[in-house]
Amino acid sequence: MRRLLTFAMLAALALPAASAARTQGANDGTLSVQDAHGTITISARGGVIGSFARGSVRISDPIDGDGTGPIVTGDDWSKERDSTTTTWGGTKVRFRIIGGYFRVVVRGRGINLSLVGTAKVTLDGAGTEDDGSYSVNGGDYIPVPGFILAFPLSLTSP
């Protein structure tokens, strides 16, 4: 009886974690950005976690209930554009949106983020001597360009 009770308790703890976990899609790619300065635009299905030292983030979540919805902390101000889009700004701001389809535009300096999913990504450095770096699918980090660079993100992205 004691073993059955122990097993039941372990199963009860494991079930919520298993149901919350999202299986990575067969074509999901990864993007990592470190200490960027400029604008990063992401239209994706997946998840993104990020922060910035100073700037703003605009998050659009057009499909209610297909993920966590945007979670933003440390913001000094926010402005709701419409029922699915809000902009937050300030210093030392953290943000995330996990699951479903979303669009994120980050403008500022000290931008760090990680993205997993399939996406259309645009990087646009501020044109300074050091606009940060980025890595696609675990590759080497390369400098964020001082011009607009757009690319699709998937498992097969270079």
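With a 10 Å radius around each residue's Cβ, average the other Cβ atoms per peptide and rank 34-40, 50-56, highest first. Present the calculation step by step, with values, prior to reporting the outcome.
Numbers: 34-40: 21.6, 50-56: 19.3.
My ranking of the peptides, most packed first, is 34-40, 50-56.
With neighbour counts taken as other beta-carbon atoms within 10 Å, the residues R107, R45 rank, fewest first, as R45, R107.
Counting other C-beta atoms within 10 Å, which of I49, I97 has the fewest, and how do the rest follow? Display every interim value, and only then the final one.
On the way: I49 15, I97 26.
Ascending Cβ contact count within 10 Å gives the list I49, I97.
The C-alpha atoms of segment 25-153 occupy a region whose extents along the principal axes are 38, 38, 20 Å, arranged from largest to smallest. Computed from the C-beta positions of T84 and S133, the FRET efficiency with R₀ = 30 Å rounds to 0.45.
Only the coordinates and a few stated rules stand behind these numbers; no lab work does. These figures come from a predicted structure and were not determined experimentally. Methodologically, a virtual Cβ is constructed for each residue, glycine included, from the backbone with ideal geometry; neighbour enumeration extends over all protein chains shown.
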